[in-house]
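Engineer: Starting off with a structure, shown below.
The values are calculated or read from the model by the stated rules, or taken from the named source; none is laboratory data. All values derive from a computational prediction rather than experimental measurement. For neighbour counting, all protein chains shown are included, and Cβ atoms are generated from backbone atoms with ideal geometry for every residue, glycine included.
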Amino acid sequence: MLIYQFIPACWIVLILIWLFASFGVKKTVRQENPLSRLGNTLPIWLGAFLLAAHRSWLGPLNILIIPHGLSIYYFGAALTFIGVVFAIWARFHIGRNWSGVITVKQDHALIRSGPYALVRHPIYSGLTLAVIGSAIARGDIAAGLAIVAILYAVLRRVQIEESWMSETFGSAYADYKASTPALVPFIK
């Protein structure tokens, strides 16, 4: 059915926007070392593979833990869509300060408006919600493992970014941290 192409289409749109929006960002003055970056990137690629792989490739990991059905798919698709839209909003709101890897940019600005008024890491929040939605729609053990892998990478990235932003912005970031949750709106 054509409806089952909705979630992959959401991810393709996100990837294309990320690709085109990566041009014109500020110059990087500090970036994560390659070994640390690998520690963030490998779990993301593993999670993406587990969500996108054909079921026949996964052996026992393709056993369903959530029953298939249109209502489950619609619920997962809705979460995926909301997560992707939230991440895209955050990506455009952070503007030229954005990077696909952990960095500090030249003249880096502390953004506290838009989605950054709801959570300190709205791109990660949106992407995590989208992954959870995609995993619900898929419904198998592989999808559950994908959530674990992505969540590990997100929490690791948040920890590093929090440290760097505290070093870069000092008390302004401490105030931001005190008033704005990290990943889930309204939950500190």
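Engineer: Residue pairs, Cβ under 7 Å, 6 or more apart or interchain, first in segment 61-85 and within 24 Å of G126 (Cβ to Cβ), second among the aromatic types (F, W, Y) and surrounded by 15 or more Cβ atoms within 10 Å (Cβ to Cβ). List them.
Structural biologist: That search, which allows pairs on different chains as well, returns A77/F6.
Engineer: Then there is this: Go through R96, R91 for me and flag whichever is charged (D, E, K, R) and in contact with a strand residue (DSSP E or B) (Cβ under 9 Å, 6 or more places away or on another chain).
Structural biologist: R96
Engineer: Enumerate the pairs (first residue in segment 8-36 and within 26 Å of T80 (Cα to Cα); second residue anywhere and among the aromatic types (F, W, Y) and surrounded by 15 or more Cβ atoms within 10 Å (Cβ to Cβ)) with beta-carbon separation below 8 Å, excluding pairs fewer than 6 apart on the same chain, so at least 6 apart or on different chains.
Structural biologist: C10/F81; A21/W98; S22/W98
Engineer: Then there is this: Of the residues in segment 48-100, how many are touching a helix residue (DSSP H, G or I) at 6+ places or on another chain (Cβ under 9 Å) and among the hydroxyl-bearing types (S, T, Y)?
Structural biologist: So the answer is 4.
Engineer: Could you list, in sequence order, all residues of segment 1-38 that are closer than 22 Å to G133 by Cβ and either of a type in the set (K, R) or assigned to a loop (DSSP other than H, G, I, E, B) (or both)?
Structural biologist: The answer is M1, and nothing else.
Engineer: Among the residues of segment 52-108, write down those that are surrounded by 16 or more Cβ atoms within 10 Å (Cβ to Cβ), touching a Lys or Arg at 6+ places or on another chain (Cβ under 9 Å) and outside any helix (DSSP H, G or I).
Structural biologist: Within segment 52-108, I66, W98, S99, I102, T103, V104, K105, H108 meet the criteria.
Engineer: Since I12 meets every condition but one in (1) modelled with pLDDT under 95; (2) under 30 Å from H108 (Cα atoms), which condition does it not meet?
Structural biologist: (1)
Engineer: Also: Take the residues in segment 146-178 that are buried (at least 18 other Cβ atoms within 10 Å of the Cβ) and within 16 Å of the chain's Cα centre (by Cα); name whichever of them is nearest to L79 (Cα to Cα).
Structural biologist: Step by step, filter segment 146-178, then rank; the result is I147.
Engineer: Please go through segment 126-172 and give me each residue that is touching a residue at least 60 places away in the same chain (Cβ under 8 Å) and not in a helix (DSSP H, G or I), ordered by number.
Structural biologist: Those that are touching a residue at least 60 places away in the same chain (Cβ under 8 Å) and not in a helix (DSSP H, G or I): G139, D140.
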